[in-house]
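Data block below; observations after.
The values are calculated or read from the model by the stated rules, or taken from the named source; none is laboratory data. As the structure is a computational prediction, the values presented were derived from the model and not from experiment. Please note: Cβ atoms are built from the backbone with ideal geometry, for glycine as well, and neighbour counts cover all protein chains shown. These accessible areas exclude ligands, DNA and RNA; they are computed on the full protein's heavy atoms, side chains included. Shrake-Rupley method; radii C 1.70, N 1.55, O 1.52, S 1.80 Å.
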Amino acid sequence: MSEPQFVRARSVDHAIDTLKAAGGDGLIVAGGVVVSSLFNQRLASPAVLVDISRIKGLRYIKRTPNGLSIGALATHDDIHRSADVKAVAPLLTEIAEDVSCPRLRNRGTLGGSICTIGGQGDPATGLIALGATMQIKGPGGERTAHIEDFYKDAFEVDLAPDEIVERIDVPAPQTGARFAFCKLGPRNAMDFTQITVSVVMAPTGSGIRIGMNGVANAPNRPRATEALIATMNAGSINWTAVGKTLNGEISPQGDLVYSEDFKRHLALIGLRRAVERALARSKEAGGRA
Amino acid sequence: MSSIDDGEKFALGTEGEQRPWQDAYRALVQSFEAGSGRRYVGHSVPRNDVLYKVRGKAKYAANIALPDMLHGRFVRSTYPYARIKRVDVSKASALPGVRCVLTAADIPDDRLKVGSLVKDTPILAKDLVRHVGEPVVAIAADTLEIAHAAAALVEIDYEPITPVLTPEEALKEDAPRLHPNGNLIANLSNAVGDVDAALARADVVLEDTYTNEPIEHSYLEPQGGISFIDPDGVLTLLVCTQYPHFHHKQLADVTGLPLEKIRVIQTVIGGAFGGKIDVTIECASCLMTLKTRRPVKMLLENEEVFSATTKRHTMKIRHRLGAMKDGRIVALDMDILADGGAYSSYSLIVAGRCVVHAALPYDIANVRARIRTTFTNNMTAGAMRSFGIVKLAFATESQINKLADELGMSPIEVRRINAVETGTKTVTGQILHAVGFKKTLDAIEPIYEERKKALAAGPKKPGVLRGLGLASLGYGIGYSGVRNPSTARIELTEDGIVIANCGTPDIGPGSDTALAQIVGEEAGVNIGRIRVVSGDSTKTDDSGPTSASRTTYFSGNAAMLAGRDFRRQFSDLLAKKLDVTPENIRIDNDQVIVNNKPMRFEDACATLGSDVKQIMAYGVFNPDSELDFVTFKGNPYPTYTYATQLAEIEVDIDTGKIEVPRFWAAHDAGRIVNPMGAEGQIEGGVVMGLGMALWEKICRSDGYIQNPGMRDYLLPGAKDAPTEITTIFIDNEDETGPFGAKGVAEASLIPVPAAVAAALHDAAGIRLNAMPMEAETVVKKLAARKGNKP
Ligand SMILES: Cc1cc2nc3c(=O)[nH]c(=O)nc-3n(C[C@H](O)[C@H](O)[C@H](O)COP(=O)(O)OP(=O)(O)OC[C@H]3O[C@@H](n4cnc5c(N)ncnc54)[C@H](O)[C@@H]3O)c2cc1C
């Protein structure tokens, strides 16, 4: 019944101190898209709400020698509009364009998206496929984590209660790398039952990195499937064989919309479509990645 | 609270606050001032609620706060069926800030039960709960948070009983009796001709069973309201409802107050679709106001809307259709088993409408229709856009499409052969008039033929199957077989505001605008000076609810008559004042012409001065609709609306996903009062129908609703709607309607699921008889057709 204390963090360190003082009972709010719905559903009752949205210097998109640096507070819309993102990792542009609705894209942040536990992670699939790393800061200092290792289980991420994601570093893919994103759900927007697949493929051949969501407890990278595809000729991938391997790497749960079997079926369809689109892209003119 | 004393729509604020909106509206509709012929009716006049709505100034129940207001909340049953052994509210009552805790024990037995048709629904459950989410305790506290906390402190001991969850179970001999009179809410049937003989000699007999899932209305605004006692001691309820007068009378029964000590005012409303016609918060809120003498605000949460307000009925329709080789349908046999849920609500009305509509829009000589609706321990099923007919149409129209395929005929031709026309005698013996059904077929036919060719010739997308399907409807306007009059009362202010008090409230479609158009047209005054006051139970007679597509036709007729009366009273009064003969006074194009000399309407009003108060124009429309519910003979509705719709779909064969890029809807709704508004109704109805056809279902398990909220309930969004919806209004006038109008609201959704099912068959060769037609089912069916597993 008691309302949480609301702290507007002035800096990353102020936020960390506040979280630390809350002793595990603090909750970060960035765009608040997810947090507000947790409150409305009475699913969250933290003692302290730490608003990081006004922290200066966390909302940016920069080109770096290695690729891109994206501040945790960059919104889906920022990413969608960014010429740098489009130049370096247009896969992220494509993903951002399709996140929910304009209102949500204007508020929802990349940091919030990645850190939403058990939620939709369209951007996470792309970041996994691109091999992105996260810069995380806590009371003990900074550390770097690979996004593909960040998701531990359904409701567990590699983030301490007093840690904050500061930025995401996206290495530039090889010149000529091919990419695609595929999203399959019952409707064309706003579905929680979604199977999303991002792929980044080498400029030639069938070397591939895959990020998937909706087919396991958390976003994942099916490495054995990647390895198998890499052994195949890009023009004649044996999808039955790929399906078998993929099935061993995913663990979807049936829900009110799709059965487990159907999700497995769609996971392969999604992967196939993403790969086919990526391969078709090599024929398109211009642009790297 | 002056706004309430002024008798204006509360949502707009005081008289002074409303004037700017009236002026702004006047400026908005200026372009309609000039011209000849009909000035308003038949034109897309901007809505009179549009300005304050788009500027965010509309006050919904949730936006209204009164000084000293308490916040109410229900404690609801957590069992589908259980005896209540003990209700202990002592801890909840003791919580600081809690001002009232109400249980069934606080309400006299003879006032405990309420209901739209049958008073069988307790305001708060006593002894027994019959569905999950049934209110057991109501709490009012200083803040909503305290009310929540208090709710958690209420202790209820239940003794669970095995619930009855399907109509089949409910009909078993040894089934527990859910209500004193047994488990049947409705058991209605009608037969004309000799169905068995006709089926026996038919060349083709098609038999199938059609089903649907429960649906939530999905209005965006949850039920809410504020009750308070006004300075004159009148118990006042501001509430989002389709039917203020119903609550007014109900509250008199429940509180024991005389009718004149009660007032119910509709707030601006965020959708209803039949879902705001029963009791939810009204009685509990008012009883708590009477106990505490303080305003009480109760708002349902979205989860409560999904789990504890009425749903669309599920029906299992066994359908047999007999036809001759030439396409003539000779017999229709329909047996429906419906789940009415825990309480009666509108089940009886839905059942009656189904029996009456069994053959429509076709002229079939041998028809048998039976419906049984039972109580179960599911959430109560109630009124929802079309009152059951969308499911009937899914069955009958699917059968007719199958028949066309079977006979190798065009689905349009089969319909044309069997279509009702002006002069057709229906199964109830009514002779139809102003029937434009065939014209809707004529309108769709060339589009259908053209698209068929285009799809056959057009480029094929790999992995995508495309198809076309159509379906039709005939639908009665107004309540089935009972008189349901509407009235309107027009007053005038000294500065020339024409106040039209109309009995049926606007629940979102823009009916207040349509009524203003009719008044303006008939009275000859500018629409910008008309203020429609609808939805105040003290300002009009009970004119029935806004439902059954009846407002334009019923209240429109009343408004037209009141407009005529206004013209007469105004002329008489002015004649007396100016000492001329009334015949020498005319109102035309917002001018008053006295002895051939024009005068501004405002100036005429100023001339009348306070005499304007003498004007009390009145219109009542009470058509003769009567039906004997045993013999099913009579005239159930004063008029009918017709349509034919065409869907073009694309089926993704890998994912089973169905997209609907194009949709055409040809409607005979009589003269269209406001084309833009009517088009909006149809586009919304089409998308609503697509929701039902493709996605929407309330998932239930053991009496519990598993997807109680927009997160998990698949309502179609903007990106799921067809890229193109083409609305065609065919030219038809019904001389019994206001300026020839009939009605359109519900009709728009009725043919949609059957049209989509037909398109799916056309595209992919599979027939689905169960709604929604989900992607996973489509993939399985496609695989089964190919003889392999997905
Ligand atoms: C209706 C709806 C539709 C949606 N549709 C889509 C979709 O189509 N595709 C898609 O990918 N997503 C979708 N989402 C998810 C949404 O886009 C993201 O979750 C959103 O970007 C969250 O960002 P936020 O800043 O609002 O997060 P918040 O709500 O502020 O926070 C979310 C979580 O992350 C934590 N957090 C936030 N920032 C940080 C940080 N810097 N460091 C550590 N923890 C942090 C918070 O404590 C909280 O637990 C949808 C969500 C909703 C409600």
Open item on the list: Quick query: amide H of B:Leu70 versus all other amide H atoms, modeled in the peptide plane; which residues come in under 5 Å with a sequence gap of 5 or more or a different chain?
Closed with: B:Val296, B:Lys297
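On average, how many beta carbons from a partner chain sit within 10 Å of the beta carbon of a residue in A:47-57?
0
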Open item on the list: If you average the alpha carbon positions of region A:126-151 and of region B:713-741, how far apart do those two centres end up, in angstrom?
Closed with: 52
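Within the accessible area of chain B, what % is carbon and sulfur when the probe is 1.4 Å and the other protein chains stay in place?
Details: 14000 of 27590 Å².
Carbon-and-sulfur percentage of accessible area, whole number: 51.
Which of the helices in chain B meet the span-like rule: DSSP H, Cα axial reach of 20 Å or more, Kyte-Doolittle mean at least -0.5? Can you show the working numbers first?
Details: long enough: B:389-407 (26 Å, 0.32); B:437-457 (30 Å, -0.53); B:556-578 (32 Å, -0.30); B:675-690 (22 Å, 0.51).
Going by DSSP H runs, the hits are B:389-407, B:556-578, B:675-690.
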TODO: Give me the net charge of A:Thr75's neighbourhood, meaning all other residues with Cβ under 12 Å from the Cβ of A:Thr75; Lys, Arg count +1, Asp, Glu -1.
DONE: +3
Task: Alpha carbon centroid spacing (whole Å) that separates region B:92-158 from region B:501-523 - done: 38
Open item on the list: I need the P(r) histogram for region B:450-514: all alpha carbon pairs, bin width 10 Å from 0 out to the longest distance, whole percents.
Closed with: 13, 22, 18, 14, 17, 12, 4
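State the percentage of accessible surface on region A:165-270 attributable to carbon and sulfur atoms; use a 1.4 Å probe and exclude ligands, DNA and RNA.
Using a 1.4 Å probe with all protein chains present, region A:165-270 comes out at 51 percent carbon and sulfur.
Could you size up the charge dipole of region A:5-51 around its Cα centre, putting +1 on the beta carbon of Lys and Arg and -1 on that of Asp and Glu, and report it in debye to the nearest 20? The partial results should precede the final answer.
On the way: 4 positive and 4 negative charges, 21 e Å.
Value, rounded to 20: 100 debye.
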TODO: Report the calculated FRET efficiency for B:Ala606 and B:Arg564 (r = Cβ-Cβ distance, R0 = 22 Å), to the nearest 0.05.
DONE: 0.40
Task: Farthest positive-ward along chain A dipole, Cα basis, beta-carbon charges - from A:Gly31, A:Ser251, A:Tyr151 - done: A:Gly31
Task: Other-chain or far-sequence residues with amide H under 5 Å of B:Val264's (modelled H) - done: B:Leu237, B:Ser537, B:Thr538
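Could you tell me which of the pairs B:Lys316/B:Lys438; B:Lys391/B:Lys719; A:Lys56/B:Lys53 are separated by over 32 angstrom between their Cα atoms in the structure shown?
Over 32 Å apart, Cα to Cα: A:Lys56/B:Lys53.
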Task: Gyration tensor verdict on region A:5-51 (Cα atoms; rounded if a/c is under 1.5, prolate if a/b is larger than b/c, oblate otherwise) - done: oblate
Task: Cα centroid separation, region B:36-81 to region B:459-480 (Å) - done: 32
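Region B:259-302: which trypsin sites (Lys or Arg not before Pro) are DSSP loop and have at most 15 other beta-carbon atoms within 10 angstrom?
Listed in order of number, the matching sites are B:Arg293.
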TODO: Tell me the Kirkwood hydrodynamic radius of region A:61-171 in angstroms, computed as one over the mean inverse distance between distinct C-alpha pairs.
DONE: 13.9
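Residue by residue through A:182-193, how many Cβ atoms from other chains fall within 10 Å of the Cβ on average? Before the final figure, lay out each step's value.
Numbers: counts 0, 0, 5, 4, 12, 10, 8, 5, 8, 5, 3, 2.
If you average over the peptide's residues, the count of other-chain Cβ atoms is 5.
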- [ ] Just tell me how shielded B:773-780 is by partners: mean number of partner chain Cβ atoms within 10 Å of each residue's Cβ, no decimals.
- [x] 4
Task: Pairwise label distance in nanometres, B:Asp628 with A:Arg63, each label 7 Å out on the Cα-Cβ vector - done: 8.7
Open item on the list: Over region A:5-51, with the other protein chains present, what is the accessible area per residue in square angstrom, probe 1.4 angstrom?
Closed with: 53
- [ ] Assuming 1.306 mPa s and 10 °C, estimate D for region B:497-624 with Stokes-Einstein, Rh taken as the Kirkwood radius over Cα pairs, in µm²/s.
- [x] 106
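Using alpha carbons only, what's the Rg to Rh ratio of the protein assembly as shown with Rh from Kirkwood?
0.99
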- [ ] List the equivalent ellipsoid semi-axes of chain B in whole Å, largest first, each obtained as the square root of 5λ for an eigenvalue λ of the Cα gyration tensor.
- [x] 42, 37, 23
Task: Charge dipole of the protein assembly as shown about the Cα centre (unit charges at C-beta), most positive-ward option of A:Ile237, B:Ala754, A:Val215 - done: A:Ile237
Open item on the list: Compute accessible area for region B:707-724 by itself and then with all protein chains, 1.4 Å probe, and report residues whose area falls by 50 Å² or more.
Closed with: B:Arg711, B:Leu714, B:Lys719
Task: Helix-only CD estimate at 222 nm, as mean residue ellipticity for chain B, using -39500 (n - 2.57) per DSSP H run (n ≥ 4) - done: -8500 deg cm²/dmol
- [ ] Run the dipole for region A:178-284 about the Cα centre, Lys and Arg Cβ at +1, Asp and Glu Cβ at -1, nothing else charged, and hand back the magnitude in debye, nearest 20.
- [x] 320
- [ ] Give, ordered by residue number, each residue of region A:1-18 whose 1.4 Å probe accessible area is reduced by a minimum of 10 Å² on adding the remaining protein chains to the chain alone.
- [x] A:Met1, A:Glu3
Open item on the list: Please give the charge dipole size of chain A, origin at the Cα centre, charges +1 on K and R Cβ atoms and -1 on D and E Cβ atoms. Round to the nearest 20 debye.
Closed with: 880
TODO: Would you mind giving the total buried accessible surface between chains B and A, with a 1.4 Å probe and ligands, DNA and RNA left out, rounded to the nearest 100 Å²?
DONE: 2200
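For region A:13-68, run through the trypsin sites (Lys or Arg not before Pro) and keep only the ones in DSSP coil with at most 13 other Cβ atoms within 10 Å of their Cβ. Before the final figure, lay out the partial values.
Values: sites: A:Lys20, A:Arg42, A:Arg54, A:Lys56, A:Arg59, A:Lys62, A:Arg63; in loops: A:Arg42, A:Arg54, A:Lys56, A:Arg59.
Here the sparse-neighbourhood loop sites are A:Arg42, A:Arg54, A:Lys56.
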Open item on the list: Cβ neighbours within 10 Å, averaged per peptide: list A:122-130, B:56-64 in order, most packed at the top.
Closed with: A:122-130, B:56-64
Task: Rg [Å, one decimal], Dmax [Å, integer] - region B:173-220, C-alpha atoms - done: 18.5, 51
Open item on the list: Using only the Cα atoms of chain A, what semi-axes does the equivalent ellipsoid have when each is the square root of 5 times a gyration tensor eigenvalue? Give whole Å, largest first.
Closed with: 33, 22, 16
